[in-house]
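As structure tokens, the structure follows; a few thoughts come after it.
Nothing in this text is a laboratory measurement; each read-out follows from the coordinates by a stated rule. On a predicted model such as this, the values are computed, not experimentally measured, just so you know. Methodologically, a virtual Cβ is constructed for each residue, glycine included, from the backbone with ideal geometry; neighbour enumeration extends over all protein chains shown.
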Amino acid sequence: MEIQLWWLLALPAFFILGWVAARIDIKHLVRESRALPRSYFRGLNFLLNEQPDKAIEAFLEAAKVDTETIELHFALGSLFRRRGETDRAIRVHQNLVDRDGLSAEQRLHALSELGQDYLKAGLLDRAEGIFLKLRGTIRDEDALRFLLEIYQQEKEWAKAIDTAAAMPGHADHIWQKEMAEFHCELAASELLHGRSDAARQHLDEALRANRKCVRATILQGDLAWNDNDAEGAIEAWKRVEGQSPAYLALVAGKLVEAHVRLGRAEQGLQLLRGYLERNPSLDLLDVVAQMTLQESGPEAAYQLVRDELRRNPTLLGLNKLLEAQVTMAPPERRSDLELVRNLIHAHTRRVARYRCDSCGFKARQFHWRCPACGGWETYPPRRTEEFDLAP
């Protein structure tokens, strides 16, 4: 191929132009870095070394030197909020919102940060107002997420349902568990006020959102029970086994009471014994042992607990076994057994708790929503000792 003369002239020219452009870019970067105060870089260094107190001092010094550094003020506001200094964070972000010359994206960012400050400070009405303003903007997803958190804190379950339905990914059933729980909260409130039809409608909606919502099924049984339909209540509570057998312990006592009302105590006892055989549980054992004691006497209750303890050895099970032995023991041995049982009971108190799968928070009573992290259905209805002994 013949080389044209102008190619030979163009190649050096392109090389020179590239070298000049690179020099200009380098000078621009150097000029920008020199324009930033040294305290800014010290602040970044403190952040990287997880020293937020010193980072704040350095950033404050840098902000005094260069008040136009928008990113620096965002960093300061976030640091204040993380430290719990919400008043200072609010002032920083409010100043940014009121500042002239911000781009539309920067103003929306400042509004979002201000809303988070109000949320952290517990000023829910102000936070809600800001996040409602952010709906339909590039901050829409963040606004929905924070609005959902606000409505759960305020127990505005109807608004929470609408917000969850608008969340991205709703069509993929990402929020089905939460929406079912919101309907259950509304149903529980209606049930408390005696409005059975409204409660029933919410429970149907809950099961449409999540067909495995155990809480909705339990509340359906409660609704039938309140309507004096013991048979319907039993049928509802028995469906829990098909949804999640671990939750049977929550309805065991209810099933006992319903069978006793219908005069079928022995049938109810056999049902619960089958549940215990298939799904070992300390709470379920407690209910079955109490019913066995009432229906068949202390010897049968003792044998039941002993067999279950051999199958699943636990301190809580041992405590239940000693309790059964006390009822059978002659008076001269009863005080000794009571002493041993009290010692065991003192040790079992720390393992007789429920534990959140999400954050590890422990509680003496069962919660559908974790009081610590706010997760729904994160408390398996099993005691901590059962988790510690599980393979």
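Using 0.36 nm per residue and subtracting the Cα-Cα separation, the extra length available between Arg353 and Asn95 on full extension is 88.1 nm. With R₀ fixed at 35 Å, the C-beta to C-beta distance from Glu277 to Glu231 puts the FRET efficiency at about 0.90. If you take the square roots of the eigenvalues of the alpha-carbon gyration tensor of the stretch 207-248 and sort them as a ≥ b ≥ c, do you get rounded (a/c under 1.5), prolate (a/b over b/c) or oblate? Note, shape of the stretch 207-248 comes out oblate.
For the stretch 175-243, the square roots of the Cα gyration tensor eigenvalues, ordered a ≥ b ≥ c, give a/c of at least 1.5 with a/b no greater than b/c, which places it in the oblate category.
Among rounded, prolate and oblate, which fits the stretch 139-195 when a ≥ b ≥ c are the square roots of the eigenvalues of its C-alpha gyration tensor, a/c under 1.5 means rounded, and a/b larger than b/c means prolate? Note, shape of the stretch 139-195 comes out oblate.
For the stretch 81-91, backbone phi angles converted through the Karplus equation (6.51, -1.76, 1.60; θ = phi - 60°) give residue-by-residue couplings of 5, 5, 7, x, 8, 5, 4, 5, 5, 4, 4 Hz, Gly and Pro being listed as x.
Judged by the mean number of other Cβ atoms found within 10 Å, the most tightly packed of the peptides 70-80, 297-307 leads the ranking 70-80, 297-307. Summing charges over all other residues whose Cβ lies under 14 Å from the Cβ of Gly242, with Lys and Arg as +1 and Asp and Glu as -1, gives +3.
Taking Cα centre as origin and charging only the Cβ of basic (Lys, Arg, +1) and acidic (Asp, Glu, -1) residues, the dipole magnitude of the stretch 175-243 rounds to 280 debye.
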